[in-house]
Amino acid sequence: DTEVTQTPKHLVMGMTNKKSLKCEQHMGHRAMYWYKQKAKKPPELMFVYSYEKLSINESVPSRFSPECPNSSLLNLHLHALQPEDSALYLCASSQTTSGNYEQYFGPGTRLTVT
Amino acid sequence: KQEVTQIPAALSVPEGENLVLNCSFTDSAIYNLQWFRQDPGKGLTSLLLIQSSQREQTSGRLNASLDKSSGRSTLYIAASQPGDSATYLCAVIDPRTGNQFYFGTGTSLTVIP
């Protein structure tokens, strides 16, 4: 099973709402990632978790809060977002972050902030 | 910082043509290079992974080559089909920056029936 799943597929939220994005993989991977992708642009790295510890935070605003409850799950908690945060949010996983690795991506969550 | 560019940004070809997509990176010290396909509004599907010690990889009608010394990779698609229409992204792993993934700018491919 080489699948990364993400829920929900679509999310519309107001600027005062609190919501969460979820990501799950059952490949035994120990690294998980959140990316943000705007239309017609490549994905931008937001966070990297390695062995359930946050290893990279690419200066993401605090209104985005990641959480890795266990090695299979990754959440992204959203609070007080801005309309410019509307984008496709992609989750990915890999065996490790050391040396040669291949990333597997989920289908994404299309987020619209109104 | 590693910079990855893809040329052309967009490409339109008639069905059945063979085509080449290009990916260039600024620093040859990479661990591997991965090619992805992305359909509109969807996630990324991995097509081919070339490790730094390899020169090419093949999967079906796809062939990817890697020339680290010149900082280039090409993705060759044989006998293109309308279902190949998508955006193609390359990405490299740079060991100098904590093994981060650097994505290219993408090539949007349209195959006309």
Q.
For a 31 Å ceiling on Cα separation, which of these pairs sit above it: A:LYS9/A:LYS41; A:LYS40/B:LYS68; A:LYS9/B:LYS68; A:LYS22/B:LYS68?
A. A:LYS9/B:LYS68; A:LYS22/B:LYS68
Q. Using θ = phi - 60° and the Karplus form 6.51 cos²θ - 1.76 cosθ + 1.60, what ³J(HN,Hα) does each residue of segment A:81-89 get, whole Hz, x for Gly and Pro?
A. 6, 10, x, 6, 7, 4, 5, 8, 9
Q) Once the Cβ-Cβ distance between A:THR112 and B:ILE112 is put in as r, and R0 is 45 Å, what FRET efficiency do you end up with, to the nearest 0.05? A) 0.90
Q: Quantify how strongly other chains surround peptide B:43-54 by giving the mean number of their Cβ atoms within 10 Å of each of its Cβ atoms.
A: 4
**Q.** Interchain or long-range residues, amide H under 5 Å from A:VAL12's placed H
**A.** A:THR112
Q.
With the cut-off at 1.5 for a/c, could you classify segment B:6-75 from its C-alpha gyration tensor as rounded, prolate or oblate?
A. prolate
Q) Counting Lys +1, Arg +1, Asp -1, Glu -1, what net charge surrounds B:PHE25 among other residues with beta carbon under 12 Å of its beta carbon? A) -1
Q: Within the set of other residues whose C-beta is less than 13 Å from the C-beta of B:THR45, count the net charge using Lys and Arg as +1 and Asp and Glu as -1.
A: -2
Q: About the Cα centre of the protein assembly as shown, how large is the charge dipole given +1 on each Lys and Arg Cβ and -1 on each Asp and Glu Cβ? Please answer in debye to the nearest 20.
A: 440
Q) Between A:TYR51 and A:ASN100, what is the spin-label point distance in nm, taking each point 7 Å from the Cα along the Cα→C-beta axis? A) 2.2
Q | Zone residues, segment B:82-102, relative to B:ALA29, backbone N less than 17 Å from point 7 Å out along Cα-to-Cβ | A | B:92-102
Q. At a Förster distance of 45 Å, what's the computed FRET efficiency of A:ARG30 paired with A:HIS10, Cβ-Cβ distance as r, to 0.05?
A. 0.95
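Throughout, read-outs are computed from the coordinates displayed, never taken from laboratory work. None of the values given here were measured: they were computed from a predicted structure. Note: ideal-geometry Cβ built from the backbone for every residue, glycine included; neighbour counts use all protein chains shown.
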